[in-house]
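Scroll down for the structure; my scribbles are underneath it.
Derivation of every value follows stated rules applied to the coordinates shown; laboratory data play no part. Everything numeric in this text was worked out from a predicted model, so none of it was measured. FYI the Cβ positions are ideal-geometry reconstructions off the backbone, even for glycines, and counts take in every protein chain you see.
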Amino acid sequence: MAQVCKIMPHEEWDDSIGAGRAYVAVSEADLRDGYLHCSSPEQVPGTLAKWYSTLDSVMVVTIDPSRLTSEVKWEPNAVGELFPHIYGPIVPEAVAGVAKLRRNSTGELVSIEEGE
């Protein structure tokens, strides 16, 4: 199964997976819909632009679905594009990678390792 990505503010990472605990729904959309909204790696740029344009920094957590204890379903959005949804927590063992992004001087989200 293909990897999926969960985008979250740094605080959510620090309060959960970064502290060694499972990540559960905390965003308004995730709580409302009953699952964790995720993206494929290819969908991340569009998701960042649409839903995270007001944040100065975010974490993009790459997840290996084969290591999850929760179910992943690929479901259509309002225009029919399939997005991965995780029905339950993300256990730390399922994290395959983490990218820390921040806005540079031109307003683009770039990897912290890339600098300005």
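At a glance:
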item: Potential extension, residue 29-residue 77 segment - 0.36 nm per residue separation minus Cα distance; result: 16.0 nm
item: Dipole moment magnitude, nearest 20 debye, the chain about Cα centre, only Lys, Arg, Asp, Glu C-beta charged; result: 140 debye
item: Bins of 5 Å, starting at 0 and running to the largest distance - Cα pair percent for the chain; result: 2, 12, 22, 26, 21, 12, 5, 1
